[in-house]
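Read through the structure below, which is laid out as C-alpha cells, and then see the notes.
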Amino acid sequence: MSKLRFANTFFVQKLTLLSLLGLLFFSALVSAEMKGFEDFTGKPQVLENYIGKGKWLIVMMWASDCHICNREAHQYVDFHMIHSDTDATVLGISLDGESRKKAAEKFIKRHSVDFPNLIAEPEYVSAFYQKLTGQFFAGTPTILIYSPDGELKVADAGAVPTSLIEEFIKKESAKKTVKK
C-alpha cells in the first residue's frame with residue numbers, strides 16, 4: 001500500500017509540475033502576443049513617457065466608432081491647444097487595435113487631432129486600466145487625469161466636458177499653492 005501511495009504522490013507532483021510549467025508557458029505566450037501601447041508609426045510606447053512632466057496630463061481613451069468620442073474630440077483638441085504651452089497636455093489612446101488602425105487614423109484626421117495618440121488592442125487597454133485602477137474598464141470614452149508630478153487623480157468613464165477638467169485643475173492647483 002505504501003508503494004501505491006508513493007506512486008500516486010509522485011504522479012500528482014509530476015502532474016502539478018507539468019501544469020505549472022504549462023501555465024508559465026501559456027502566460028509567456030499571451031504576454032508575447034498581446035502588444036502594448038504603440039504610437040501610430042508602430043513604435044512601442046509606455047504611458048510613463050508622458051506622465052509626470054511638470055504638467056497635468058489628460059488621457060482620453062477613445063475608439064473611432066464611439067459616438068461620444070466623435071462628439072467630444074474637438075473639446076480635447078481645443079483644450080490641448082489652449083493648455084499645452086502652460087499647464088496641461090492631452091494624450092489619446094485608441095482602443096481600435098491593429099485591425100482598425102486605418103479607422104483610428106481617419107478619426108485623428110477628421111477631428112484634426114494634434115495631440116499625441118497611442119493605439120493598443122482593447123484587451124490590453126482593459127487589462128491596463130484594471131491593473132491601474134482596480135476597476136473593470138467600462139468603455140469609451142474614459143478619461144484619466146494625472147497631476148504634474150505623475151499621480152493618477154481621476155479615472156472616469158463617459159463624457160467629461162473639458163470645462164470640468166479645467167475647474168478640477170484650478171481647484172487642485174489652488175490646494176497645492178495653499179499647502180506651500
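With a 10 Å radius around each residue's Cβ, average the other Cβ atoms per peptide and rank 55-66, 77-88, 115-126, highest first. Please list the in-between numbers first.
Numbers: 55-66: 22.2, 77-88: 15.4, 115-126: 19.1.
Going by the mean number of other Cβ atoms within 10 Å, highest first, we get 55-66, 115-126, 77-88.
Working only with C-alpha atoms, what are the Rg and Dmax values of region 77-136, expressed in angstrom?
My reading of the Cα-based Rg and Dmax gives 13.4, 36 Å.
Quick check: the distance between the Cα centres of region 34-73 and region 106-122, to the nearest angstrom?
8
What's the Kirkwood radius of region 38-179 in Å, using all Cα pairs? Mind showing how you got there, number by number?
Details: mean 1/r = 0.0655 Å⁻¹.
Kirkwood hydrodynamic radius for region 38-179: 15.3 Å.
Explain nothing, just compute: Karplus ³J(HN,Hα) = 6.51 cos²θ - 1.76 cosθ + 1.60, θ = phi - 60°, for every residue of region 99-112 in order, whole Hz, x for Gly and Pro.
Listing the rounded values in order: 5, 10, 4, 4, 5, 5, 4, 5, 4, 4, 5, 4, 9, 6 Hz.
Only counting other Cβ atoms within 10 Å, I'd like 39, 96 sorted with the fewest neighbours first.
Numbers: 39 13, 96 23.
Ordered by Cβ neighbours within 10 Å, fewest first: 39, 96.
From the phi angles alone, apply the Karplus equation (6.51, -1.76, 1.60; θ = phi - 60°) to region 123-131 and give each ³J(HN,Hα) in whole Hz, x where the residue is Gly or Pro.
Each residue's phi maps through the Karplus curve to give 5, 5, 4, 4, 5, 4, 5, 5, 5 Hz.
Taking H as built 1.01 Å from N, whose amide H comes closer than 5 Å to the amide H of residue 56, not counting residues under 5 places away?
Under 5 Å from the amide H of residue 56 lie the amide H atoms of 88, 89, each far enough along the sequence or on another chain.
The numbers here are math on the coordinates, done by the rules we state, and not lab data. This structure is a prediction, so every number in the text was calculated from the model and none was measured. Because the Cβ atoms are built from the backbone with ideal geometry, glycine has one as well, and the counts that use them run over all protein chains shown.
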